[in-house]
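Here the structure is laid out as structure tokens; the discussion comes afterwards.
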Amino acid sequence: MKTVVITGASTGIGRSAAEYLAAKGWCVFAGVRKEADGVPLKAAHANIIPLLLDVTKQDQVDAAVETVSAALDGRKLDGLVNNAGIALMGPLALQPLDEFEAHFQVNTFGLLRATQAFAPLLGMDESRSGPSGRIINITSVGGRLASPFLGAYTATKHAVESMTDSLRRELVIYGIDAIAIGPGSVKTPIWDKAEDKNADTPYANTAWAAPIAKFSETMLAGGRDGLDPEAISKVIETALTARKPKARYSPVPDKLTNFTLPMLLPKRVIDGFFWKKFGMKRNL
């Protein structure tokens, strides 16, 4: 039975991937921040083993590694899916620094903490038997294309894109691969959580109030009408099992207009698109 650790498995992409891979015969160690979140996961499939795993807490990460190591009984771990993440809206010129730092604590430092902790199980410990595993980092369209009002989130995802490339180029000596998956809009609670956090927005009396409201509507609509999380789960499975996987996968709805063209057009053109879409104009 193949084995995989998934962080941020309580909801959204992480939960979908846990249930999907378990149904495919994988033993899934599903990281959750609260024990109560593990109950429905455990009930969903016998192959799912919930782990208390807040990636910002070293003691929980270390304890999770011990649990997984004992279960592997000397074998290597087949996969680590770094999915845990947060997203809060706000203009960078005003967003509180502690809120900006929180994104990095979870999305970037937490990802690296988990990667370093599980790397021996994935293959750095050469005394373990079996083929080396793969690291799958869930990034975002925002990892390549920065939007207004999600500067903190997209900054972390740009960092993760770079880290994934570095990890892949470094860990080859242990046979460990590192792959990025950058989804577009997905039906996931992350944007509902962002809406809840910003319900009493501190930016209501700023010049960005109306643009942020429009941006929030766009994000929430995308989160409700985007790809089904199972579509991302299938891509995760491909990244974990393909004989020659891509270095990066981009499951994006309307990919030509939402990703391919914006990546090809000059940044000033994309600036104009954002300004027009969200009702911002330059003061002369």
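The values are calculated or read from the model by the stated rules, or taken from the named source; none is laboratory data. Predicted, not measured: the structure shown is a model, and the values here were computed from it. Using ideal geometry, Cβ is built from the backbone for each residue, glycine included, and neighbour counts are taken over all protein chains shown.
Using the structure shown, decide if S69 is within 23 Å of Y153 (Cα to Cα) and of a type outside the set (V, I, T). No, not satisfied. Among the candidates L88, L94, the residue that is touching a His at 6+ places or on another chain (Cβ under 9 Å), touching a residue at least 60 places away in the same chain (Cβ under 8 Å) and surrounded by fewer than 24 Cβ atoms within 10 Å (Cβ to Cβ) is uniquely L88.
Residues are listed down the side, and each one gets a yes or a no for (1) of a type in the set (V, I, T); (2) touching a residue at least 60 places away in the same chain (Cβ under 8 Å):
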| site | (1), (2) |
| --- | --- |
| F118 | no, yes |
| M124 | no, no |
| A152 | no, yes |
| A159 | no, no |
| D165 | no, yes |
| I173 | yes, no |
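One residue stands out in region 227-237 among those that are more than 19 Å from D78 (Cα to Cα) and either modelled with pLDDT under 95 or not aliphatic (A, V, I, L, M) (or both): the one that is surrounded by the most Cβ atoms within 10 Å (Cβ to Cβ), namely P229. Residues that are touching a Leu at 6+ places or on another chain (Cβ under 8 Å) and in a loop (DSSP other than H, G, I, E, B) do not occur anywhere in region 102-122. Residues in region 123-148 that are touching a helix residue (DSSP H, G or I) at 6+ places or on another chain (Cβ under 7 Å), closer than 18 Å to V68 by Cα and outside any loop (DSSP other than H, G, I, E, B): G123, M124, R134, I135, I136.
Out of the residues in region 186-226 that are in a helix (DSSP H, G or I) and aromatic (F, W, Y), state the one that is modelled with the highest pLDDT. Among those that are in a helix (DSSP H, G or I) and aromatic (F, W, Y), it is F215.
Against the definition (among the small types (G, A, S) and not in a loop (DSSP other than H, G, I, E, B)), how does A152 come out, yes or no? Yes, satisfied.
Among the residues of region 251-284, those identified as in a loop (DSSP other than H, G, I, E, B) and in contact with a helix residue (DSSP H, G or I) (Cβ under 6 Å, 6 or more places away or on another chain) are P251, V252, F278, G279, M280. Tell me, yes or no, whether region 238-250 has at least one residue that is assigned to a helix (DSSP H, G or I), at pLDDT 95 or above and crowded, with 17+ Cβ neighbours inside 10 Å. The answer is yes, given that some residue of region 238-250 is assigned to a helix (DSSP H, G or I), at pLDDT 95 or above and crowded, with 17+ Cβ neighbours inside 10 Å.
Taking region 1-85 and the helices (runs of 4 or more DSSP H) fully enclosed by it, the elements with 1 or more residues that are touching a residue at least 12 places away in the same chain (Cβ under 8 Å) and of a type in the set (S, T, Y) are at 12-23, 58-72. Of the residues making up region 86-101, those that are closer than 22 Å to V141 by Cβ and assigned to a loop (DSSP other than H, G, I, E, B) are I86, A87, L88, M89, P91, L92, Q95.
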